[in-house]
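Q: Okay, handing you the structure first.
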Amino acid sequence: MNPPRQRLPAAERRESILTAAAEVFGARGYAAATTDAIAQIAGISQAYVIRTFGSKEALFIATAERVVERVADAFRAVIAEGGPLEQIEPRLGEAYVRLAEDRGALVTLLHLFTLGHDTGIGPVARAGFLRIYTILRDEAGLSATRATAFLGNGMLVSTILGLHLPASTDDPAVSELLGSTFRENTALVTELFGSATAADNT
């Protein structure tokens, strides 16, 4: 006789849904993602996903807010380590790239920021973007110019991941772009996303 299946606490199941949602929203975007696909990855029923979040829009907002919170926590951890700004800024960049280990997280941000026109999601997108900017300016101490450049590079990172470019390193232009964007983290990004994105494209 098989032992009874142990039920996860509600908080852990909610977290597993958000993790799965980041993967699905990151891969498919908001419009094409389905709560059924998210439920399958999370290993629970679609009914439980809807019961927990109410709608796909509410789940997307919760997923996006979770990613923004993770960015904020990662940046504040770097800032708390201290040191001159010349050392803090590259560590902030590395911390942002490391967030890509949560598959789909950074690309979910990209999808979030393209939905600024949406009446429900737009305010969340603007608040999240400005929250990250404010941390860079007021807590990390970057100038407006450097914070803007940092955000621009962050969007480039998300775009590269969203385009699955790490799976195309046999293209010299792609290799050059990856090296210029990720610098010392290029090998990490290629390892994390090269084989994974290649499998997604098959």
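Q: Pairs please, first residue from segment 90-114 and open to solvent by less than 50 Å² (accessible area, probe 1.4 Å), second anywhere and acidic (Asp, Glu) and assigned to a helix (DSSP H, G or I), Cβ atoms under 7 Å, 6+ apart in sequence or on different chains.
A: Close Cβ pairs (under 7 Å, with a partner that is acidic (Asp, Glu) and assigned to a helix (DSSP H, G or I)) amount to GLY104/GLU23.
Q: Looking only at residues in segment 4-19 that are touching a helix residue (DSSP H, G or I) at 6+ places or on another chain (Cβ under 9 Å) and not in a loop (DSSP other than H, G, I, E, B), which one is nearest to ALA125 (Cα to Cα)?
A: LEU18
Q: Moving on. Taking segment 40-61 only, how many residues are in contact (Cβ under 8 Å) with a residue 40 or more places away in the chain and in a loop (DSSP other than H, G, I, E, B)?
A: Number of matching residues: 0.
Q: Considering every residue within segment 58-72, establish whether at least one is modelled with pLDDT of 95 or more, farther than 20 Å from PHE193 by Cα, among the aromatic types (Phe, Trp, Tyr) and over 13 Å from the mean Cα position of the chain (by Cα).
A: No - not one qualifying residue is present in segment 58-72.
Q: Looking at ALA22, ALA72, can you tell me which residue is touching a Gly at 6+ places or on another chain (Cβ under 6 Å), in a helix (DSSP H, G or I), open to solvent by less than 10 Å² (accessible area, probe 1.4 Å) and hydrophobic (A, V, I, L, M, F, W, C)?
A: On inspection, the qualifying residue turns out to be ALA22.
The values are calculated or read from the model by the stated rules, or taken from the named source; none is laboratory data. Remember, it's a predicted structure, so these values are computed and weren't measured experimentally. Using ideal geometry, Cβ is built from the backbone for each residue, glycine included, and neighbour counts are taken over all protein chains shown. Side chains are part of the model used for accessible areas, which takes the heavy atoms of the whole protein and leaves out ligands, DNA and RNA. Shrake-Rupley method; radii C 1.70, N 1.55, O 1.52, S 1.80 Å.
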